[in-house]
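Everything below concerns the one structure shown next.
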Amino acid sequence: MTDDNYLPLHTCHVIEPTATINRFQFLLHFCAASAVLYYHASHLFFAFHFHLVSLTSVSLAFIFLADVVFYFMWLLIQGFRYRPVSRSVFPERLPDDDNMLPALDIFIMTADPDKEPTIEVMNTVLSVMAIDYPSEKLHIYLSDDAGADVTLCASKEAYSLARYWVPFCKRFGIAVRCPEVFFNDSKIDQQDSDKEFSQERQKIKVMYDTFKEKIKKLKENKYSCATRFQKTRQEHPSQIEIIREEESNSTDKEDFTIPSLVYVSREKRIGVQHRFKAGALNVLLRVSGVITNSPYILVLDCDMYSNDPSSARQAMCFHLDSKLSPSLAFVQFPQEFYNISKNDIYCAEIRQIFKTFWLGLDGLRGPVLSGTNYFVKRCTLYGARPGGTSNSEEKEISRLKHKFGNSNEFCLSLVEKSKQIGYLYGSVVEDYFTGFHLHCRGWVSTYCFPSKPAFLGNVPINFNDTLVQNKRWNAGLLEVALSSHCPLIFGISKNFNWALQSMCYAWLAFWSVFSFPLLCYGIFPQLCFLNGISLFPEVTSPWFGAFVVVFLSSCIQHLREVFRSGRNLTTWCNEQRFWMMIGLTGQLFAIIDVFLKLVGISAVNFDLTNKTADKTQIKRYENGVFDFEGCSLMLLPATTLSLLNLGALIGGAWQMIKFNAMERLFTQFIFSCFILALSLPLIEGIVFRQDSGRVPPRVAFWSLVLSGSIILFMFIFC
């Protein structure tokens, strides 16, 4: 593919007029936000100069600090909006000879068969074994961090089924190669008229139903004793097994090559640091380096099944491009999900990240490594830099081969002793941390966002699991922000694109600090409104216009991004609500976790997201009803401030009417109404609901006590 006349494998263009509008809006918002900061700073100086310490001066101080944080985060987010791009791929232009395609190792990660249903994990395995890629060049590695017998046994059953499933998919060109999805698709039954296909489909369906029954019995037999499972999950020896089908006299199997499947369970010991997902990935790197050593690796979470069999060929449109490939580390696909409700009350789609921000990063140095759905070049994980090796390194590599084996990339990575091999430790968000270092070493990445989702997974469908997941992400990101690898200071260069890229990495790293301004705006305007104190300019003041411009500019920017993603006003409302709720829960407690780690009290844990759900939870989620069942006291700040805002709104409105202060307190009145609208699910869960999905009684009780105490204190002493 060195011929200058060959057709391009992919194209890229800047998304206009979005980029131009973003830059214009930046100038407008910058002027208005700067005016707001000046207003608060000048009034803060006046308040402390004449009134010393009072509710007014303290409130102004915290509001000013909150605005500084908002301003800082707003500046950082501009990197995502500077140059958004869109790409198209042409896999039909790849070489006709499949022998010219590189080998591919696929890593599938699972950690707990109770939280990650075994049948879903095996569906993911079967879906990637059947993708549209030469079977002899595909090698599947299943990492079982629980060391669970049921996963190993299920892997063997899945391999046996794959002997029939893979040929069936490739012979008939099946579009979706996840068995569970395929056999539940009623359209196939209604539209198909091919007798041979129907017969084969029915035969495979019987096999798949038998397979599911076997998995069900395996779980019942292996885990009748919960204590045994807990011990096995936390402490077990290493086990590596290349799955092979047991000898059978059956003659109805097809003579068809299927990808290899390797089960890997690393050793774990209580009290020994195992480095969470990064540790498991590094074990797979070492094991696969010895067995297959493919130059490219696809990493998938266990629930992310292959929805488009051409995804590997799409990724190779970038990796095999002669101009891009020498500096390309990985190709990132978006995370998309099959069980998102129409309303998506928990914003599980992560729309802002995958449909807006990553498009912007793709116009700079490329998207962030996102945990799953990415095709990475193996040598980049071994410490290599764009450009290859020098002659002086070749002798050292030859010597190392005698000790460590014949993997060129692995031995190359050992040449420089200071390098850390594989996925980086130091944060529970190993993907973000590793991707950041890849970009710092000079590598780039690309974002492939096809119209048909390449992979589909499932999302948490209750608020507690969503909260736990976001807390883990934010804690890991903040760990990086407060380390010597902070994106604002580490690897910084004079290159403009890299400066913008660093801003984007920094915005993600400091994501959790939104909890501070949200706390400030959730307390002080309400307390002042309750006491008839104005924190914002009167409606007739020229300064009022600056506040209006900042608010409208932020809302319009958000609305533009939502509409461009193909979503509607409901999505905008849900994202506003979720941003407030998660900022006062998951992000706030992520900061507390990191602080406790820094002072040596505790460590940040990798809390696995639960992928199971009962029928009641599913029904609430599909009906757009918040499910707070199982929520801990992490929900307390959000519920307390929601009740405080409600009380302040009632008391403040009475003050506004009594003293005819509509013009002076109008902004705070509208602000409290806005907060009330966003917090309605919390109010409903505390006051009106009696089902199991309501706010837990102990959380509701303490919320009423705390908010009531604050309001009572204000009436007595202020």
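The values are calculated or read from the model by the stated rules, or taken from the named source; none is laboratory data. Keep in mind it's a predicted model, so treat the numbers as computed, not measured. Using ideal geometry, Cβ is built from the backbone for each residue, glycine included, and neighbour counts are taken over all protein chains shown. The accessibility values were calculated without ligands, DNA or RNA, using every heavy atom of the protein model including side chains. Shrake-Rupley method; radii C 1.70, N 1.55, O 1.52, S 1.80 Å.
Considering only segment 283-295, state which residues are part of a helix (DSSP H, G or I) and open to solvent by less than 10 Å² (accessible area, probe 1.4 Å).
Answer for segment 283-295, where residues must be part of a helix (DSSP H, G or I) and open to solvent by less than 10 Å² (accessible area, probe 1.4 Å): L284, L285, S288.
Check segment 456-473 and report whether any residue there is in contact with a Lys or Arg (Cβ under 7 Å, 6 or more places away or on another chain) and assigned to a helix (DSSP H, G or I).
No: segment 456-473 contains no residue that is in contact with a Lys or Arg (Cβ under 7 Å, 6 or more places away or on another chain) and assigned to a helix (DSSP H, G or I).
Scan segment 620-634 for residues that are farther than 11 Å from D465 by Cα and not small (G, A, S) and jot them down.
Listed by number, the residues that qualify are R620, Y621, E622, N623, V625, F626, L633, M634.
Got a sec? Which of L328, L298 is crowded, with 21+ Cβ neighbours inside 10 Å, modelled with pLDDT of 95 or more and within 20 Å of the chain's Cα centre (by Cα)?
On inspection, the qualifying residue turns out to be L298.
Inspect all residues belonging to segment 154-172 and state whether any of them is assigned to a loop (DSSP other than H, G, I, E, B) and either over 14 Å from D209 (Cβ atoms) or at pLDDT below 90 (or both).
no
Quick one: in segment 110-141, which of the residues that are surrounded by fewer than 22 Cβ atoms within 10 Å (Cβ to Cβ), within 23 Å of the chain's Cα centre (by Cα) and charged (D, E, K, R) is farthest from F455 (Cα to Cα)?
Per the criteria, the residue is D114.
Of W511, W507, which residue is of a type in the set (F, W, Y), open to solvent by 40 Å² or more (accessible area, probe 1.4 Å) and modelled with pLDDT of 95 or more?
W511
Mind listing whichever residues of segment 462-484 are farther than 22 Å from T356 by Cα and open to solvent by 50 Å² or more (accessible area, probe 1.4 Å)?
Within segment 462-484, L482, S484 qualify.
In this structure, does T434 turn out to be in a loop (DSSP other than H, G, I, E, B), at pLDDT 85 or above and surrounded by 14 or more Cβ atoms within 10 Å (Cβ to Cβ)?
So T434 fails the test.
Within segment 350-396, which residues are assigned to a helix (DSSP H, G or I), open to solvent by less than 10 Å² (accessible area, probe 1.4 Å), at pLDDT 95 or above and among the aliphatic types (A, V, I, L, M)?
L361
Among the helices (runs of 4 or more DSSP H) confined wholly to segment 535-606, which include 1 or more residues that are at pLDDT 95 or above, open to solvent by 30 Å² or more (accessible area, probe 1.4 Å) and more than 30 Å from V428 (Cβ to Cβ)?
542-564, 569-583
For segment 645-674, what are the residues that are farther than 14 Å from G532 by Cα and crowded, with 23+ Cβ neighbours inside 10 Å?
Hit for segment 645-674 is N645, nothing else.
In this structure, does G693 turn out to be among the small types (G, A, S), open to solvent by less than 10 Å² (accessible area, probe 1.4 Å) and not in a helix (DSSP H, G or I)?
yes
Could you tell me whether segment 516-523 includes any residue that is assigned to a loop (DSSP other than H, G, I, E, B), open to solvent by 20 Å² or more (accessible area, probe 1.4 Å), among the β-branched types (V, I, T) and in contact (Cβ under 8 Å) with a residue 40 or more places away in the chain?
No: zero hits.
Within segment 54-62, is even one residue farther than 28 Å from L584 by Cβ, out of contact with any Leu (no Cβ under 6 Å at 6 or more places or on another chain) and surrounded by fewer than 17 Cβ atoms within 10 Å (Cβ to Cβ)?
The answer is no, given that none of the residues of segment 54-62 is farther than 28 Å from L584 by Cβ, out of contact with any Leu (no Cβ under 6 Å at 6 or more places or on another chain) and surrounded by fewer than 17 Cβ atoms within 10 Å (Cβ to Cβ).
Out of (1) touching a helix residue (DSSP H, G or I) at 6+ places or on another chain (Cβ under 8 Å); (2) in contact (Cβ under 8 Å) with a residue 12 or more places away in the chain, what's the single condition that is false for N568?
In the conditions (1) touching a helix residue (DSSP H, G or I) at 6+ places or on another chain (Cβ under 8 Å); (2) in contact (Cβ under 8 Å) with a residue 12 or more places away in the chain, N568 misses (2) alone.
How many of the residues making up segment 72-85 are of a type in the set (S, T, Y) and open to solvent by less than 40 Å² (accessible area, probe 1.4 Å)?
The qualifying residues number 0.
Go through (1) surrounded by fewer than 20 Cβ atoms within 10 Å (Cβ to Cβ); (2) touching a helix residue (DSSP H, G or I) at 6+ places or on another chain (Cβ under 6 Å); (3) under 30 Å from F276 (Cβ atoms) one by one and return the number of the condition K156 breaks.
(2) is the only condition that K156 fails.
Answer yes or no: is there a residue in segment 619-633 that is in a helix (DSSP H, G or I), basic (K, R), open to solvent by 60 Å² or more (accessible area, probe 1.4 Å) and modelled with pLDDT under 95.
For segment 619-633, residues in a helix (DSSP H, G or I), basic (K, R), open to solvent by 60 Å² or more (accessible area, probe 1.4 Å) and modelled with pLDDT under 95: present.
For segment 243-281, give me each residue that is modelled with pLDDT of 90 or more and loosely packed, with under 13 Cβ neighbours inside 10 Å.
Answer for segment 243-281, where residues must be modelled with pLDDT of 90 or more and loosely packed, with under 13 Cβ neighbours inside 10 Å: there is none.
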